[in-house]
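Asks: I have a structure here, written as structure tokens, and I will follow up with some questions on it.
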Amino acid sequence: MAIPVIDFSKVNGTGEERAKTMAQIANGCEEWGFFQLMNHGISEELLEKVKKVCSEYFKLEREEIFKNSTVANTLNALAEKNSGEKLENVDWEDVITLLDDNEWPSKTSGFKETMTEYRAELKKLAEKVMEVMDENLSLPKGYIKKAFNDGEGHSAFFGTKVSHYPPCPHPELVNGLRAHTDAGGVILLFQDDVVGGLQILKDGQWIDVQPMKNTIVINTGDQIEVLSNGRYKSTWHRVLATPDGNRRSIASFYNPSLKATIAPAPGLVEKDGEEINQTYPKFLFGDYMSVYAKQKFLPKEPRFQAVRTL
């Protein structure tokens, strides 16, 4: 079983071909929570530059630090004990987050210019994907974007996580990244096209998100689940630690502003005058994040119950 791969250029077409592509995306959101986009409009040239600067940055600025990190030292000590005990509550991951206003790596040539351009392109793609979701959910065009930006304006959060999962000497003792759902909105992942490790939980089984060259993997976060009143689900996913290959993973998150009010879209709560059950509360995204910070790796349903409702 492989996650859906969709030719995104066809949403710009007309007629049957467009309708079929829109239906494929709806299926990706409803049945999978994950799908891969090809022909997404981001140039191969830019994607190749992104791979190059991120790999160079890890080698130059992070590799030695990771080798001497707490997680690496703790894992080696645990392996020597040979007790069969696993390393819980940590991830075999090196990660930095890029925002418009935080400090970026400065020693790697071309990193800032390339990643600035990449983030701008990804943000546009995220907004196109949200418009497709609006249309598939029969919501007004721009509904999700407006909800995330707390009305008009540009207050939504857009962050990019540059992660590497270096070769792990004892992959059976530690997770690359523990299983979780994503708290926010729409996540756009540019993953390694050689080294695998990302898996999603589908019908009780962990299945691989197959590495493919220069596709963008889309997944829906908890807030899309709420806005869609459960039609679209946020999906559990994890990364396995692997003994060989340094897996690169660049995930960009288009999340609501912390001040944004999130609730099921009214059009998805009423249908033909009949009220459909509203399963999700109405809350401030900032309040949800406070709960999520403590419960990220725990079942998600209690998070919706624990958040302070408006």
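The values are calculated or read from the model by the stated rules, or taken from the named source; none is laboratory data. Not measured: the values here are computed from a predicted model. Please note: Cβ atoms are built from the backbone with ideal geometry, for glycine as well, and neighbour counts cover all protein chains shown. With ligands, DNA and RNA removed, areas are computed over all heavy atoms of the protein, side chains included. Shrake-Rupley method; radii C 1.70, N 1.55, O 1.52, S 1.80 Å.
Asks: Give the residue that is most open to solvent (accessible area, probe 1.4 Å), with candidates limited to residues of the range 4-21 that are within 25 Å of Asp203 (Cβ to Cβ) and in contact with a helix residue (DSSP H, G or I) (Cβ under 6 Å, 6 or more places away or on another chain).
Replies: Filtering first and then ranking leaves Pro4.
Asks: Looking at (1) at negative phi; (2) modelled with pLDDT of 95 or more; (3) open to solvent by 10 Å² or more (accessible area, probe 1.4 Å), which is the one condition that is false for Ser155?
Replies: For Ser155, the failing item is (2).
Asks: Going through Gly41, Gly15 one at a time, which residue ends up being free of Cβ contacts under 8 Å to residues at least 24 places away in the same chain and at positive phi?
Replies: Matching residue, one of Gly41, Gly15: Gly15.
Asks: Further question on the same structure: From the residues in the range 131-148 that are open to solvent by 70 Å² or more (accessible area, probe 1.4 Å) and assigned to a loop (DSSP other than H, G, I, E, B), which one is nearest to Tyr57 (Cα to Cα)?
Replies: Per the stated criteria, the residue is Lys141.
Asks: Scan the range 11-50 residue by residue and report those that are at pLDDT 95 or above and of a type in the set (Val, Ile, Thr).
Replies: Correct list: Val11, Thr21, Ile25, Ile42, Val50.
Asks: Please verify whether Thr21 is of a type in the set (S, T, N, Q) and closer than 26 Å to His180 by Cα, treating the condition exactly as stated.
Replies: The answer is no for Thr21.
Asks: Does the range 250-272 hold any residues that are open to solvent by 10 Å² or more (accessible area, probe 1.4 Å) and either free of Cβ contacts under 8 Å to residues at least 12 places away in the same chain or polar (S, T, N, Q) (or both), and which are they?
Replies: Asn255, Thr261, Pro266, Glu270, Lys271, Asp272
Asks: Which residues, counting only those in the range 39-82, are more than 30 Å from Ser9 (Cβ to Cβ) and part of a loop (DSSP other than H, G, I, E, B)? Talk me through it step by step, then tell me what you get.
Replies: If we filter the range 39-82 for residues that are more than 30 Å from Ser9 (Cβ to Cβ), which is where we start, we get 56-82.
Those that are more than 30 Å from Ser9 (Cβ to Cβ) and part of a loop (DSSP other than H, G, I, E, B): Asn68, Ser69, Asn82.
Asks: What number of residues within the range 86-122 are among the basic types (Lys, Arg), without any contact (Cβ under 8 Å) to a residue 12 or more places away in the chain and within 21 Å of Ser69 (Cα to Cα)? Before the answer, list the steps.
Replies: We begin by selecting, within the range 86-122, every residue among the basic types (Lys, Arg); these are 86, 107, 112, 119.
Then drop every residue that is not without any contact (Cβ under 8 Å) to a residue 12 or more places away in the chain, which leaves 112.
Adding the requirement that they be within 21 Å of Ser69 (Cα to Cα) leaves none.
Total meeting the criteria: 0.
Asks: If I ask for residues that are of a type in the set (A, V, I, L, M) and either surrounded by 15 or more Cβ atoms within 10 Å (Cβ to Cβ) or touching a helix residue (DSSP H, G or I) at 6+ places or on another chain (Cβ under 9 Å) (or both), which ones from the range 100-130 would you list?
Replies: Met115, Leu122, Leu125, Ala126, Val129, Met130 - these are the residues of the range 100-130 that are of a type in the set (A, V, I, L, M) and either surrounded by 15 or more Cβ atoms within 10 Å (Cβ to Cβ) or touching a helix residue (DSSP H, G or I) at 6+ places or on another chain (Cβ under 9 Å) (or both).
Asks: Could you pull out the residue among Thr160, Thr97 that is assigned to a strand (DSSP E or B), touching a Lys or Arg at 6+ places or on another chain (Cβ under 9 Å), at pLDDT 95 or above and open to solvent by 10 Å² or more (accessible area, probe 1.4 Å)?
Replies: Answer to the check: Thr97.
Asks: For residues in the range 236-250 being of a type in the set (Gly, Ala, Ser) and outside any strand (DSSP E or B), which is modelled with the highest pLDDT? Spell out how you get there, then give the answer.
Replies: First, the residues of the range 236-250 that are of a type in the set (Gly, Ala, Ser): 241, 245, 249.
So of that shortlist, the ones also outside any strand (DSSP E or B) come out as 241, 245.
On the way: Ala241: 97, Gly245: 92.
Going through the qualifying residues, I end up with Ala241.
Asks: Same structure again: Can you pull out every residue in the range 80-121 that is over 25 Å from the mean Cα position of the chain (by Cα) and closer than 19 Å to Leu177 by Cα?
Replies: Once the filter is applied, which keeps residues that are over 25 Å from the mean Cα position of the chain (by Cα) and closer than 19 Å to Leu177 by Cα, the range 80-121 yields Glu85, Lys86.
Asks: Does the range 251-272 contain at least one residue that is in contact with a Pro (Cβ under 7 Å, 6 or more places away or on another chain) and either under 27 Å from Glu56 (Cβ atoms) or in a loop (DSSP other than H, G, I, E, B) (or both)?
Replies: no
Asks: Here's something else I'd like to know. Which of the residues belonging to the range 22-46 are open to solvent by less than 30 Å² (accessible area, probe 1.4 Å) and either touching a strand residue (DSSP E or B) at 6+ places or on another chain (Cβ under 9 Å) or within 24 Å of Gly204 (Cα to Cα) (or both)?
Replies: Ile25, Ala26, Gly28, Cys29, Gly33, Phe34, Phe35, Gln36, Leu37, His40, Ile42
Asks: Which ones in the range 196-235 are outside any strand (DSSP E or B), buried (at least 18 other Cβ atoms within 10 Å of the Cβ) and among the hydrophobic types (A, V, I, L, M, F, W, C)?
Replies: Val209, Ile224, Val226, Leu227
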